[in-house]
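Remarks on the structure that follows.
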Amino acid sequence: MQLFTLELPLHFKKILMSEALRLRCVFAVLMSLLMTLLMSAWVTWLNIGLHPDFLLRWRHAFLAAWPVAFCAVMLCAPAVQQASRVIVLRTLRIKRAS
């Protein structure tokens, strides 16, 4: 038996993120983190090799690039997902037609 319910005021409900937006943000953080770590390490290694201050330079490159990568993923991911859907559907139609 429930004695009382805790109901959030309407203005708090508007502030809370939807599940879709939360998923999009988590995806953007993880994807940008992974890609920036890998790419900044790769490009730093190509530029200076395994130099004594490699880790310092890699960290600098990563910290400079991650905010840009996060914004790019947040802005471009929906368009890339839509383009992926179109490509996959066209591929399926071509296979079914032949």
Practice prompt. For segment 19-97, just the Cα atoms, rotate onto the principal axes and tell me the three extents in Å, largest first.
Written response: 58, 32, 14
Response to the item:
Here segment 54-67 yields Karplus 3J(HN,Hα) values (6.51, -1.76, 1.60; θ = phi - 60°; whole Hz; Gly and Pro given as x) of 4, 5, 5, 5, 4, 4, 4, 5, 4, 5, 6, 8, 4, x
Worksheet entry | J(HN,Hα) series, segment 83-96, from Karplus relation 6.51 cos²θ - 1.76 cosθ + 1.60, nearest Hz, glycine and proline x | 4, 4, 4, 4, 4, 5, 5, 5, 4, 5, 5, 5, 5, 5
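The numbers here are math on the coordinates, done by the rules we state, and not lab data. On a predicted model such as this, the values are computed, not experimentally measured, just so you know.
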